[in-house]
Amino acid sequence: MRRLHILCEGQTEETVVREVIEPYLLSFDVYVTWSIFTTKRPAAGPSHRGGLSTWGRLASEIRLLLGDSSITILTTMLDYYGLPAEVPGMATRPSSSPHDRVAHVERAMADAINDPRFLPHLVLHELEAWVLLGHEALGELTGNDALAQAVQAIVAQAQGAELVNDGVSTAPSKRLMRLYPRYRKTSDGPLVIAEIGIDAIRSACPHADAWFSAVNTALKQES
């Protein structure tokens, strides 16, 4: 069976991979494993995981994982919002659409690692964009119809969940927290994403859809 390994930014991404993406891809005969990015390896005690620090650390972890020959394809689940400025491609992003800009950074990351088994993926702009897409599920989860209507309006105004921008105060997670301060990132988000499902996300989010298609193509080429 083909093995896909997903390097996750943090606990929320790991939960979504474990509870939603892994069962989805298993139906396509893909064996999915995952790990959380290690931010610090102290001389003693456990490693610290979650959240990006520097490109150097990220590149080192990617190359370490690629040393595992049992991995058919290595991909990532990292937020585009908040990506460190020194990540390849960040400084040379085109002044075009968000989809073009994030794809530019992904290509630069792939070029920097230079391994055909590495398929970088950045969620546009945050994983919470997928939560915004599930406004009805979010309203049911919280019992808050006004929240569902407000989230739906945000997505409609941006003309798509992936286009809700990456401003410091207007990124998807910032908007959710402002609308619903009791929002629990690591549990509410994965529950909403599980409720709407990958097919709905692929239908409404072109960048996410392109990632799933690219994963499928890369697995076929490497197997």
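Figure legend: label point modelled 7 angstrom from the Cα of residue 63 along Cα→Cβ; residues of segment 99-113 with amide N under 13 Å from it are 112-113. Each label point was placed 7 Å from the Cα along the Cα-to-Cβ direction; for residue 145 and residue 184 their separation is 2.6 nm. When the Cα atoms of the chain are aligned to their principal axes, the ranges along those axes come out at 49, 42, 38 Å in descending order. Summarising the amide proton neighbourhood of residue 34: residues at separation of 5 or more, or on other chains, whose placed amide H is nearer than 5 Å comprise 6. When segment 127-196 is described by a simple charge dipole with +1 on each Lys and Arg Cβ and -1 on each Asp and Glu Cβ, the residue from 179, 144, 154 located farthest towards its positive end is 179. Using every pair of separate Cα atoms, the Kirkwood estimate puts the hydrodynamic radius of segment 127-196 at 11.6 angstrom.
Across all directions, the average projected area of the convex hull around the alpha carbons of segment 170-223 is 5.0 nm². The listed peptides 87-96, 148-157, 170-179, 70-79, ordered by packing as a protection proxy, come out as 70-79, 170-179, 148-157, 87-96 (highest mean of other Cβ atoms within 10 Å first).
With a Förster radius of 30 Å, plug the Cβ-Cβ distance of residue 70 and residue 19 into 1/(1 + (r/R0)^6) and report the FRET value to the nearest 0.05.
On the way: r = 23 Å, r/R0 = 0.78.
Step by step, r from the Cβ atoms, then E = 0.80.
A protection proxy built from the mean count of other Cβ atoms within 10 Å ranks the segments 199-212, 117-130, most packed first, as 117-130, 199-212.
Put a dot 7 Å past the Cα of residue 177, heading toward its Cβ, do the same for residue 200, and the two dots end up 2.5 nm apart.
Accessible area per residue of the chain at 1.4 Å probe, in Å²? Working shown, then result.
Details: 10340 Å² over 223 residues.
Accessible surface, normalised per residue, equals 46 Å².
Measuring nothing but how far apart in sequence close Cα pairs (under 8 Å, 6+ apart) lie, relative to its length, segment 127-196 scores a relative contact order of 40 percent. Shown in residue order for segment 83-100 are the 3J(HN,Hα) couplings computed by the Karplus curve 6.51 cos²θ - 1.76 cosθ + 1.60 at θ = phi - 60°: 5, x, 5, 7, 4, x, x, 5, 7, 10, 4, x, 8, 10, 6, x, 5, 5 Hz (x for Gly and Pro).
Annotation: amide H-H contacts under 5 Å for residue 123 (H modelled 1.01 Å from N, sequence separation of 5 or more, or interchain): 78, 79, 80.
The values are calculated or read from the model by the stated rules, or taken from the named source; none is laboratory data. Computed from a prediction, not measured in an experiment: that's the story for all the values here. Positions of Cβ are generated from backbone atoms using ideal geometry, with glycine treated the same way; all protein chains shown enter the neighbour counts. Surface areas here come from the heavy atoms of the whole protein model, side chains and all, with no ligands, DNA or RNA. Shrake-Rupley method; radii C 1.70, N 1.55, O 1.52, S 1.80 Å.
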